[in-house]
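This is the structure I have questions about; it appears just below.
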Amino acid sequence: MGTRKKQSTENFIKEIRSKTRRIFTSEQKINIVMEAFRAEMSVKEICRKYAINESQFYKWNKEFLEAGKKRLSGDTIREATSDEVAELRKENQRLKETIADLVIRYDIVKKSLNLLE
């Protein structure tokens, strides 16, 4: 019985932690990493200030540096916005209709030339 109660207590605590976990925006993460680059405070102090694990900080730091490396090395692939996707779909449809129209005109011209022979 003691083990079952301990198990449920641990689950209860885990559930509370997961529901109260703070979510940092990408901008907040960048600011925290940049604060460490300024070297006004140690990483340990910064982590204490924002109540984050050092391992979490180093993960953000690595992601920040990797993104910077990719950007500077010319890997400029980015995600299209939904407006851009919608615009590209419209253009794609317009081009398909233009091709279909040209194929029909080609067939008409071809048939009319065959009739002249």
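Residue by residue through segment 46-100, note down the ones that are of a type in the set (S, T, N, Q), part of a loop (DSSP other than H, G, I, E, B) and more than 28 Å from ARG22 (Cα to Cα).
Within segment 46-100, the subset of a type in the set (S, T, N, Q) is 53, 55-56, 61, 73, 76, 81-82, 92-93, 98.
Now restrict to residues that are part of a loop (DSSP other than H, G, I, E, B): 53, 73, 76, 81.
Across segment 46-100, the qualifying residues are SER73, THR76.
Could you run through segment 1-22 and say how many residues are surrounded by 10 or more Cβ atoms within 10 Å (Cβ to Cβ) and at pLDDT 75 or above? Steps first, please.
First pass over segment 1-22, keeping only residues surrounded by 10 or more Cβ atoms within 10 Å (Cβ to Cβ): 6-16.
Adding the requirement that they be at pLDDT 75 or above leaves 8-16.
Qualifying residue count for the region: 9.
If you go through segment 54-73 one residue at a time, do you hit one that is more than 31 Å from the chain's Cα centre (by Cα), free of Cβ contacts under 8 Å to residues at least 24 places away in the same chain and more than 19 Å from SER26 (Cα to Cα)? Before you say what the answer is, go through the steps one by one.
Just the residues of segment 54-73 that are more than 31 Å from the chain's Cα centre (by Cα), to begin with: none.
No: zero hits.
Six or more apart or on different chains, Cβ under 7 Å: which pairs go from a residue in segment 21-49 that's touching a residue at least 24 places away in the same chain (Cβ under 8 Å) to one that's of a type in the set (A, V, I, L, M) and surrounded by 12 or more Cβ atoms within 10 Å (Cβ to Cβ)? Could you list them?
So the pair list comes out as ILE32/ILE46; ALA36/VAL43; ALA36/ILE46.
State yes or no: is LYS29 touching a helix residue (DSSP H, G or I) at 6+ places or on another chain (Cβ under 7 Å), in a helix (DSSP H, G or I), of a type in the set (D, E, K, R) and at pLDDT 90 or above? Can you show your working first?
Details: touching a helix residue (DSSP H, G or I) at 6+ places or on another chain (Cβ under 7 Å): yes; in a helix (DSSP H, G or I): yes; of a type in the set (D, E, K, R): yes; at pLDDT 90 or above: yes.
Here the answer is yes, as LYS29 does meet what is asked.
The values are calculated or read from the model by the stated rules, or taken from the named source; none is laboratory data. What you are looking at is a predicted structure, and each value in this text was computed from that prediction instead of being measured. In this analysis, Cβ positions are derived from the backbone assuming ideal geometry, glycine residues included, and neighbour counts consider all displayed protein chains.
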